[in-house]
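What follows draws every value from the coordinates through simple rules; no lab data is involved. Everything numeric in this text was worked out from a predicted model, so none of it was measured. Here Cβ is always computed from backbone atoms with ideal geometry, including for glycine, and neighbour counts include all displayed protein chains.
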Protein chains: 2
Amino acid sequence: MRRKSFEDVPCSVAQFLEVAGEWWTMLVIRDAFLGVTRFDDFQTRLGISRNVLTQRLEHLVGHGVFERVAYQENPPRYDYRLTDKGRAMWTVVNAMRQWGDDWAAPDGPPVVATHKACGHQVNAVTVCDHCGERLGPHTMTVSAGPGDPEGTILPPHLR
Amino acid sequence: MRRKSFEDVPCSVAQFLEVAGEWWTMLVIRDAFLGVTRFDDFQTRLGISRNVLTQRLEHLVGHGVFERVAYQENPPRYDYRLTDKGRAMWTVVNAMRQWGDDWAAPDGPPVVATHKACGHQVNAVTVCDHCGERLGPHTMTVSAGPGDPEGTILPPHLR
């Protein structure tokens, strides 16, 4: 339950982690979205031990989030590239970024994201893909789904 | 860097954590969105020690994510209620839920979210609030912002 502090890292995702708890793996994913693919680059940027990073990357490769692609044969060297499953984590990383920008960036966003299509600074909102209305905590009801018909995880008042 | 396994928990958020690493704090936030407010209820649902939960809730109260509201005076007892800052984390929790539903729920979503306004099962997408276009990892560019004018966190090719 120990974690290193991200308090001084100028990154809204890191600020989110600082508030919400240890979860530096998301910084590996963030870096991948920023174009980082090499072990040494991840390691230098995150400042974690090679041993810990090796374990974490193997975990992510094992779960199909990254794939290893050889870029050199002798000695063997690999790029770590996000799979479709890994790229789908973008919404989580981006939601963390938006939260950090909104709630934990007193000097303004450390990184500005600009929407290529319209040229405006990105303010990301979550909408329903059916009707396009903005979603929030009070816009939906929850019920037991096929993956857990008994609603084990739901509090009694929602079962 | 140790974490307990969430592999068997029938919750897409937990499945996301299983894949991406330890981060059970988000399950406290998730529970708060499900209407849980009492220490004992968080504790029972999460199965963590009272000591660890106390530390975690104090951390979240200290960072303004939860506020404590007395519901009984003698002995003093409190509800833990999300603040606006905490409620803003909904987008992160929801993005995790959506990812888990899409990528880590082979039997279907364990919890189904229904959009009250249109009555359809929620498929949450992220859009630009200016133009309404769907956002994704390749739809935006990033650059150094006011919170970090030197772009410390950006890889060299993006500075």
(message) Averaged across A:25-35, how many Cβ atoms of other chains sit within 10 Å of each residue's Cβ atom?
(response) 3
(request) Return the average number of partner chain Cβ atoms within 10 angstrom of each residue Cβ along peptide B:101-110. (result) 5
(request) Let me know the Rg and Dmax you get for the range A:12-103 when you use only its Cα atoms, in Å. (result) 13.6, 48
(request) Rounded to the nearest 500, what is the 222 nm mean residue ellipticity of chain B from helices alone, with -39500 (n - 2.57) per DSSP H run of 4+ residues and division by all residues? (result) -10500 deg cm²/dmol
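Summing +1 for each Lys or Arg and -1 for each Asp or Glu, what net charge is found among the other residues whose Cβ lies under 15 Å from the Cβ of A:Asp129?
Within the 15 Å Cβ shell, the charges total -1.
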(request) List the residues whose amide H sits under 5 Å from the amide H of A:Tyr78, counting only those 5 or more places along or on another chain, with H placed 1.01 Å from N in the peptide plane. (result) A:Tyr71
(request) Report, in debye and to the nearest 20, how large the dipole of the protein assembly as shown comes out about its Cα centre when Lys and Arg carry +1 and Asp and Glu carry -1 on their Cβ. (result) 320 debye
(message) Can you compute the charge dipole magnitude of the range A:12-103 about its Cα centre, using +1 on each Lys and Arg Cβ and -1 on each Asp and Glu Cβ, nothing else charged? Give it in debye, rounded to the nearest 20.
(response) 180 debye
(message) Per-residue Cβ counts within 10 Å, from other chains only, averaged over A:78-90: what number is that?
(response) 3
(request) Apply the Karplus parameterisation 6.51 cos²θ - 1.76 cosθ + 1.60, with θ equal to phi minus 60°, to every residue of the range A:108-119 and state each ³J(HN,Hα) to the nearest whole Hz, in sequence, with x for glycine and proline. (result) x, x, x, 10, 9, 9, 10, 6, 4, 5, 10, x
(request) Towards the positive end of the charge dipole of the protein assembly as shown, with charges on Cβ (+1 Lys, Arg; -1 Asp, Glu), say which of A:Ala124, A:Gly35, A:Tyr80 has the farthest Cα. (result) A:Tyr80
(message) Testing the spin-label approximation: label points 7 Å from Cα along Cα→Cβ at A:Arg81 and B:Glu73. State their distance in nm.
(response) 6.7 nm
(message) Take A:Gln55 and A:Asn123, extend 7 Å from each Cα along the Cα→Cβ direction, and tell me the distance between the two endpoints in nm.
(response) 4.3 nm
(message) Please check: in the Gaussian network model of chain B (C-alpha springs, under 10 Å), which one of B:Ala32, B:Ala117, B:Ala95 has the largest mean-square fluctuation.
(response) B:Ala117
(request) Name the residue farthest towards the positive end of the dipole of the protein assembly as shown from the options A:Trp99, A:Gly47, B:Val93, assuming +1 on Cβ of Lys and Arg, -1 on Cβ of Asp and Glu, about the Cα centre. (result) A:Gly47
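Using the crude model of +1 on Lys and Arg Cβ and -1 on Asp and Glu Cβ, and no other charge, please compute the dipole size for chain A relative to its Cα centre, in debye to 20.
In debye, rounded to 20, chain A gives about 280.
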(request) Could you check the simple spin-label distance between A:Thr152 and B:His130, using points 7 Å along Cα→Cβ, in nm with one decimal? (result) 4.6 nm
(request) List the distances, in nm and shortest first, from the label point of A:Pro149 to the matching label points in every other copy, placing each point 7 Å from Cα along the Cα-to-Cβ direction. (result) 6.3
(message) Over the protein assembly as shown, how many pairs of lysines fall under 27 Å by alpha carbon, counting only those 8 or more apart in sequence or from different chains?
(response) 5
(message) Counting only other residues whose beta carbon sits under 11 Å from that of B:Gly147, what net charge do I get with K and R as +1, D and E as -1?
(response) -4
